[in-house]
Each structure stands twice: as C-alpha cells, then as structure tokens.
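Trainee: Can you read through this structure? Questions will come right after.
Each value in this text was obtained by applying a stated rule to the coordinates, not by laboratory testing. The model shown is predicted, which means the values in this text are computed figures rather than measured ones. Cβ placement follows ideal geometry from the backbone for every residue including glycine, while neighbour counts extend to all protein chains displayed.
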C-alpha cells in the first residue's frame, strides 16, 4: 500500500509508481482539494478538508462532493490493479448521514474483477469513522494500443 503525506499537483501520476509528494491527479481533484492518503493493491483512501464551498444550502457537505469522493476513491482502487486508465460505467450511492465540517475520508476496495472490469465498494466517513455515504461502482479498463485508445 502506497502512503504519501505531502502532495502537490501531478496530472501524470501513475498509481503503480507515484512520485513523492503529489495531490490527487487532475485539475478537478486539485480544485476540490481531494488528497490521496493511500492507494494500491485494489484499495484506496482519500481525504478532504470540508470547507464552506463544499456545502449545500443547508450547510451540509453537498451530495456531489460525496459522489466525487466515492468515484475517485473507487476508481483509484480499480486503477491500482490495471495497466491502463479506467472509466466509471456504473455508480450507485446511498447517503446515510451528513457532515458540516472537519476531515472526511473516502475508501474504495475491489470486491470482484475480470480481465477488463472491476466491481468496487466505497464509503465516506467523517474523521470519527461515522458512515456518511456508501456506494458500489463498476469500472472498465481502457485499452491503449499503438497510441490510440480503444473502448469507451
């Protein structure tokens, strides 16, 4: 399992061989402040410091933030076992609690895989371990051959 503490933006990050010090890959991850805590061997853990711009009009963490964290954690777990990038083909989320401040964590863990797909379960918790949301998702590995992407 890979562990990193000081992260900076690196859009070319490879879960199998990450450079020291990186923020989760991609501009959207950087924009919301999503950080990789651990990734590898079919599992991933992310963190996010909940801020005012992450909240809905009721002052609770927006459901879209939950969805983003779950998609990222589960996709990263899937990506950690495949040679190429993955895309989400299905995402089902159940919201069970709310949070309005502090650190939230998203976890992803592969529960089944084939040659090109992975079924992953995920959960979001607060800093005390209270379950906030849970999800299942399916991820498809994209094929890359001769510089051209095939599949989705």
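Trainee: From the convex hull of the Cα coordinates of region 46-152, what is the mean projected area in square nanometres?
Mentor: 7.3 nm²
Trainee: Distance in nm between label sites at residue 131 and residue 51, each 7 Å beyond Cα in the beta-carbon direction?
Mentor: 3.1 nm
Trainee: For region 60-114, what log10 I(q)/I(0) values come out of the Debye formula at q = 0.20, 0.22 1/Å, with one point per alpha carbon and no solvent?
Mentor: Values returned for q = 0.20, 0.22 Å⁻¹ are -0.78, -0.89.
Trainee: So for 140, 76, 48, fewest C-beta neighbours within 10 Å to most, what's the order?
Mentor: The fewest-first ordering by Cβ neighbours comes to 140, 48, 76.
Trainee: Another question, then. Would you mind ranking 52, 85 so that the residue whose beta carbon has the fewest other beta carbons within 10 Å leads the list?
Mentor: Ranked by crowding around the Cβ, least crowded first: 52, 85.
Trainee: Would you mind checking the radius of gyration and Dmax of region 34-75 based on alpha-carbon positions, in Å?
Mentor: Final numbers for Rg and Dmax: 11.6, 38 Å.
Trainee: Mind giving me the FRET efficiency for residue 112 and residue 58? R0 is 35 Å, r the Cβ-Cβ distance, nearest 0.05 is fine.
Mentor: 0.45
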